[in-house]
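Below: one structure, written as C-alpha cells.
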Amino acid sequence: MVIPNFTHLRAKSLKEAVEQLSSKGSRIHAGGTDLLGCLRDEVFESNRIVSITQLEELRGISETADGGVRIGSLTTITEVANSKIIQERYRALAKAASEVGSPQLRNQGTLGGNLCQKPRCWYYRGEFHCLRKGGDMCYAYQGENQYHCLFGGDPCYIVHPSDTAPALVAFDAIIRISGSGGTSLLPLKKFFVLPAENVEKETVLEPTEIVTEVILPPLGQGIRSAYRKVRARQSWDFALAGVALVVKFNGDRVDQAHVVLSGAAPIPWRSKEVEETMVGRRLDAETISKASEAVVRNAQPLKKNGYKIPLFRGMVEEELLSIAKE
Ligand SMILES: Cc1cc2nc3c(=O)[nH]c(=O)nc-3n(C[C@H](O)[C@H](O)[C@H](O)COP(=O)(O)OP(=O)(O)OC[C@H]3O[C@@H](n4cnc5c(N)ncnc54)[C@H](O)[C@@H]3O)c2cc1C
Ligand code: SF4
C-alpha cells in the first residue's frame, strides 16, 4: 500500500496547531512512527497532517515546584529512558521507556505519541472492516487471537500497545490537554476508553485536542518500582505480557501498591486483585505466591491466548521477588 497524498502543515504555536486541527480530517504528527503506518495501512484517512514538532514548549523534562516531574509530550522516548531524574525516582517509567521498540523508534517516537498510538490488532491494521473501523464484527474473537486480551475485551479484544502508559498510570500521572475549549488536566487513568464504552475510540481526546504534558506527582519515602515486559522476539516487539509495579512500604509492610498490566486489556489494566493481596502485609513468599495467583483470577482467555495466564503469573512472581530483595 502507498500513503495517500495529504497537506502537511507545521504549526508555529499551540494556538495555531489547535486551530489547524479544527479542519475535518486533520491529524497530529509528532514523531510519525505510528501515524505514517496508520496512513499506509488505511487504519484511518487524513488529507491534512498538522505537525507539532516545532513547538519547543512541548519538549523536555523538568522538576516541578512540589517535587514532581513534568515531561513535555514531544519529549522522545529515549530522553525519558535516559533521564537521571526519571531513572532515580520513577524507575518503572525509565525501564518501560527503554523497552519500547528499537533504538531508532525510541529516538524518533515521543511520549505523547506513545500514549495516543493506535492498537496493533492485525485485522484492524489489515483490510478488515471490523467493529473498531465502524464495521459489524470482531474478526479476532473467533479468529487469530493469540496476541489479544484477557480482561475488559467485549466487544473488541485489542491490547493497549503502549509500554509507558502502564508505568505512568501506576505512578498516578496526570496529563495536560489543550484544545479549542482551553486547557485541562486529567488523571491518565481516565484518559483511556474501554471498547464497551466506545469501540471506535481509544482515548477521550477530541480531534482538536493535543496532549501537551505529562505530570508525575512527587513520591513519598519507601517507594520501590519496576516494569517487566515479555515479548515474542528479543528484538523490537510489543508486550505479550507486561507489568508495572509501584509499591510503597511502611517499615517491612506494604502500605500501598499500584499494579498495572500491559498486553492484558484494551487499556492499561489496573489489577486490584494483586494490590489487595499485598496491602498491609509483608512481601514474603506467601504474599508473593497469593499475588501471582490473583493476577489471573478474573482473566477470560480467548481460544489462542491462554499461554498468557502462566506468563502473567510468573512475571508478577519474579518482579515481586526482586522488589522484596531491594
Ligand atoms: C515497528 C514498531 C515497533 C513499536 N514498538 C513499540 C513498543 O514496543 N512499545 C510501545 O509502547 N510502542 C511501540 N511502537 C509504537 C509507537 O510508534 C511508539 O511507541 C511512539 O512512541 C509513537 O510516538 P510518535 O511521536 O512517533 O507518534 P506519532 O506517530 O506521531 O502519533 C501517534 C498517534 O498519536 C497522535 N498524537 C501524537 N502526539 C500527540 C499529542 N501530543 N496529542 C494528541 N495526539 C497525538 C497522532 O495523531 C497519531 O494518531 C512501535 C511502533 C513501530 C512502528
Ligand atoms: S479485536 Fe478489535 S480491532 Fe481487532 S478485529 Fe476485533 S474489533 Fe477489530
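Those helices (runs of 4 or more DSSP H) of the range 77-138 in which at least 1 residues are modelled with pLDDT of 95 or more and more than 13 Å from the chain's Cα centre (by Cα), considering only elements entirely within it, cover 77-82, 84-89, 91-98, 103-108, 122-125.
For the range 116-131, the tally of residues that are among the hydrophobic types (A, V, I, L, M, F, W, C) and within 11 Å of ligand 1 (Cβ to nearest atom) stands at 1.
Residues of the range 22-33 that are under 23 Å from the mean Cα position of the chain (by Cα), assigned to a loop (DSSP other than H, G, I, E, B) and either without any contact (Cβ under 8 Å) to a residue 24 or more places away in the chain or surrounded by fewer than 20 Cβ atoms within 10 Å (Cβ to Cβ) (or both): Gly32 alone. Quick one: Val259 ticks every box in (1) in contact with a Leu (Cβ under 6 Å, 6 or more places away or on another chain); (2) in a helix (DSSP H, G or I); (3) buried (at least 24 other Cβ atoms within 10 Å of the Cβ) except a single one, so which number is it? Against the list (1) in contact with a Leu (Cβ under 6 Å, 6 or more places away or on another chain); (2) in a helix (DSSP H, G or I); (3) buried (at least 24 other Cβ atoms within 10 Å of the Cβ), Val259 comes up short only on (2).
Considering Ser292, Ser235, the condition of being free of Cβ contacts under 8 Å to residues at least 40 places away in the same chain, away from ligand 2 (no atom under 16 Å from the Cβ) and either buried (at least 16 other Cβ atoms within 10 Å of the Cβ) or not in a strand (DSSP E or B) (or both) is satisfied by Ser292 alone. Need the failing condition index for Glu273 against (1) over 22 Å from Gln300 (Cα atoms); (2) without any contact (Cβ under 8 Å) to a residue 60 or more places away in the chain; (3) outside any strand (DSSP E or B), just the number. Of the numbered conditions (1) over 22 Å from Gln300 (Cα atoms); (2) without any contact (Cβ under 8 Å) to a residue 60 or more places away in the chain; (3) outside any strand (DSSP E or B), the odd one out for Glu273 is (1). One residue stands out in the range 26-39 among those that are farther than 14 Å from Trp122 by Cα and out of contact with any Leu (no Cβ under 9 Å at 6 or more places or on another chain): the one that is nearest to ligand 2 (Cβ to nearest atom), namely Asp34. Within the range 14-21, none of the residues are assigned to a loop (DSSP other than H, G, I, E, B), farther than 14 Å from Gly109 by Cβ, away from ligand 1 (no atom under 12 Å from the Cβ) and out of contact with any helix residue (DSSP H, G or I) (no Cβ under 6 Å at 6 or more places or on another chain).
Taken as a whole, the condition of being touching a residue at least 24 places away in the same chain (Cβ under 8 Å), buried (at least 21 other Cβ atoms within 10 Å of the Cβ) and near ligand 2 (Cβ under 10 Å from one of its atoms) applies to Ala140. In the range 300-313, the residues that are farther than 13 Å from Leu261 by Cβ form no Cβ pair under 6 Å with any partner that is hydroxyl-bearing (Ser, Thr, Tyr) and at pLDDT below 95, whether six or more places apart or across chains.
Here Tyr141 meets each of (1) under 19 Å from the mean Cα position of the chain (by Cα); (2) of a type in the set (Phe, Trp, Tyr); (3) assigned to a helix (DSSP H, G or I) with one exception, condition (1). Exactly one residue out of Val169, Val204 is surrounded by fewer than 19 Cβ atoms within 10 Å (Cβ to Cβ) and touching a residue at least 12 places away in the same chain (Cβ under 8 Å), and it is Val204. Within the range 92-106, residues that are farther than 17 Å from Val316 by Cα reach no partner that is modelled with pLDDT under 95 and buried (at least 23 other Cβ atoms within 10 Å of the Cβ) with beta carbons closer than 7 Å at six or more positions or on different chains.
The values are calculated or read from the model by the stated rules, or taken from the named source; none is laboratory data. These numbers were taken from a predicted model, which means no experiment stands behind them. Here Cβ is always computed from backbone atoms with ideal geometry, including for glycine, and neighbour counts include all displayed protein chains.
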